[in-house]
Amino acid sequence: MITFEDVSKTYGGQASGRAALAGVSLSVAPGEVFGVIGASGAGKSTLIRLINGLETPSSGKVIVDGDDVAALGVEGLRSLRRRVGMIFQHFNLLSSKTVAGNVAFPLKLAGRPDAEVRARTAELLARVGLSDFAGKYPAQLSGGQKQRVGVARALATGPKVLLCDEATSALDPETTEQILELVSGLNRELGLTIVLITHEMDVVRRVCDRVAVLEAGRVVETGPVEQVFLHPASATARRFVMEVEGPLGGVPGEAGASVDGRLVRLTFRGEATYRPILGAVARETGVDYSILGGRIHRLRETPYGQLTLSLTGGDVEAAIARFQADGVRVDLVGGAGR
Ligand SMILES: Nc1ncnc2c1ncn2[C@@H]1O[C@H](COP(=O)(O)OP(=O)(O)O)[C@@H](O)[C@H]1O
Ligand SMILES: [Mg+2]
């Protein structure tokens with residue numbers, strides 16, 4: 001649905017030598033929820049604005065729904081923007097228009113007949129749970145309600161793609177949860193392709209299928225959320241995971257590094273997360289363990305657990321083999337075995 005081919009972007013007024021985006025290649029499949037995570041200034045907004053032609057690349061190509069975005073004329077761009085909706089951190093609603101007026105605006109711009117505009121607006125407000133707020137003004141709404149208006153407006157022209165630029169960054173945790181649930185529902189029920197930009201790993205964990213990690217304009221890591229979240233390869237991705245999960249323990253530099261024994265990190269996924277495997281392995285192999293750190297959570301619908309253990313006594317090799325045979329991933333993270 002979306003392809004970046006070696007895309008770079010340097011802004012006119014920018015100090016020379018520092019591109020906002022440098023050599024970015026990625027692709028987003030139809031129906032996918034694709035996350036882009038990065039710190040402030042990493043180039044996230046630039047990346048998302050290249051998708052709907054609000055910015056043009058300095059080099060490389062951005063292809064969206066079959067169109068080379070930079071090659072589109074005025075009419076082509078208009079057509080593209082009907083197929084690509086966008087929501088923003090600060091909602092960007094028109095304060096002088098009512099809720100219904102905001103949602104109807106893109107339809108009126110597209111020259112749709114009045115009756116159709118009214119029917120479609122009502123349908124969209126129902127979808128985002130704001131039917132009773134049609135006549136209110138943005139100033140009379142909470143942040144979460146404003147973002148619901150933003151979502152309804154973005155959906156007005158029936159897009160295939162929804163771009164979310166830090167769409168929950170101005171919201172409290174509970175409202176964030178509701179907006180993410182709404183966005184997930186659009187993906188599931190309408191098959192909408194979603195590109196979601198954020199600086200929070202928790203948002204990625206809740207809704208994304210795949211994620212790209214952006215650092216100073218470059219993609220430093222990309223893959224399924226499960227892989228990047230549970231086994232981050234880049235320092236940047238590890239930092240984002242640490243921000244939401246805290247240190248897992250057992251890695252030199254983290255808490256617990258000076259404990260004796262073989263340090264291992266176990267990763268349980270799905271069903272294995274709840275199986276009573278630790279005791280069984282300890283009994284069978286005579287290995288004792290102390291737990292240095294751990295967590296259990298969900299990636300979208302899939303539960304996972306990660307434990308950092310120090311293994312002592314008994315047959316440590318047999319214990320590791322036994323974990324692996326049970327579908328548990330074992331990473332050696334230091335200690336005597338390293
Ligand atoms: N219109 C612009 N003109 C000049 N520099 C810009 C412009 N927009 C963004 N930048 C610069 O490009 C870099 C990336 O910005 P941006 O894409 O907004 O990052 P993010 O959304 O990750 O915070 C930053 O260094 C920023 O200052
Ligand atoms: Mg930004």
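Would you be able to say whether some residue in region 51-71 is assigned to a helix (DSSP H, G or I) and within 16 Å of ligand 1 (Cβ to nearest atom)?
yes
Taking Ser8, is it of a type in the set (S, T, N, Q), within 13 Å of ligand 1 (Cβ to nearest atom) and outside any strand (DSSP E or B)?
Against the criterion (of a type in the set (S, T, N, Q), within 13 Å of ligand 1 (Cβ to nearest atom) and outside any strand (DSSP E or B)), Ser8 does not qualify.
Give the number of residues within region 188-208 that are touching a strand residue (DSSP E or B) at 6+ places or on another chain (Cβ under 8 Å) and surrounded by fewer than 19 Cβ atoms within 10 Å (Cβ to Cβ).
The total comes to 2.
Sort through Gly66, Gly12, Gly35 and tell me the only one that's away from ligand 2 (no atom under 16 Å from the Cβ) and farther than 23 Å from Ala110 by Cα.
Going through Gly66, Gly12, Gly35 in turn, just one is away from ligand 2 (no atom under 16 Å from the Cβ) and farther than 23 Å from Ala110 by Cα: Gly12.
Testing Ala170 on (1) over 24 Å from Arg78 (Cα atoms); (2) at pLDDT 95 or above, one condition comes back false. Which one is that?
With respect to (1) over 24 Å from Arg78 (Cα atoms); (2) at pLDDT 95 or above, Ala170 is out only on (2).
Is there a residue being open to solvent by less than 40 Å² (accessible area, probe 1.4 Å), within 16 Å of ligand 2 (Cβ to nearest atom) and under 24 Å from Arg218 (Cα atoms) anywhere in region 79-97?
Yes, because at least one residue in region 79-97 is open to solvent by less than 40 Å² (accessible area, probe 1.4 Å), within 16 Å of ligand 2 (Cβ to nearest atom) and under 24 Å from Arg218 (Cα atoms).
Restricting region 127-147 to residues that are part of a loop (DSSP other than H, G, I, E, B) and surrounded by 19 or more Cβ atoms within 10 Å (Cβ to Cβ), which is nearest to the chain's Cα centre (by Cα)?
Result: Val128.
Please go through region 34-50 and pick out each residue that is among the β-branched types (Val, Ile, Thr) and either within 7 Å of ligand 1 (Cβ to nearest atom) or not in a helix (DSSP H, G or I) (or both).
Val36, Ile37, Thr46
Please enumerate the residues belonging to region 49-68 that are farther than 16 Å from Ser79 by Cβ and either among the aromatic types (Phe, Trp, Tyr) or surrounded by 21 or more Cβ atoms within 10 Å (Cβ to Cβ) (or both).
Leu50
Quick check, is Gly246 surrounded by fewer than 17 Cβ atoms within 10 Å (Cβ to Cβ), touching a Gly at 6+ places or on another chain (Cβ under 9 Å) and at pLDDT 90 or above?
It is false that Gly246 is surrounded by fewer than 17 Cβ atoms within 10 Å (Cβ to Cβ), touching a Gly at 6+ places or on another chain (Cβ under 9 Å) and at pLDDT 90 or above.
How many residues are over 11 Å from the mean Cα position of the chain (by Cα), within 16 Å of ligand 2 (Cβ to nearest atom) and among the aliphatic types (A, V, I, L, M) if we restrict to region 188-218?
2
Within region 147-187, take every residue that is of a type in the set (S, T, N, Q) and in contact with a strand residue (DSSP E or B) (Cβ under 8 Å, 6 or more places away or on another chain) and give me the one that is farthest from ligand 2 (Cβ to nearest atom).
Thr157
Of the conditions (1) modelled with pLDDT of 95 or more; (2) surrounded by 15 or more Cβ atoms within 10 Å (Cβ to Cβ), Ala29 clears all except one; give me its number.
Unmet for Ala29, out of (1) modelled with pLDDT of 95 or more; (2) surrounded by 15 or more Cβ atoms within 10 Å (Cβ to Cβ): (2).
The values are calculated or read from the model by the stated rules, or taken from the named source; none is laboratory data. Keep in mind that this is a model prediction, so the values were computed, not measured. Virtual Cβ from ideal backbone geometry, glycine too; neighbours counted across all protein chains shown. Protein only, heavy atoms only, side chains kept; ligands, DNA and RNA dropped before computing areas. Shrake-Rupley method; radii C 1.70, N 1.55, O 1.52, S 1.80 Å.
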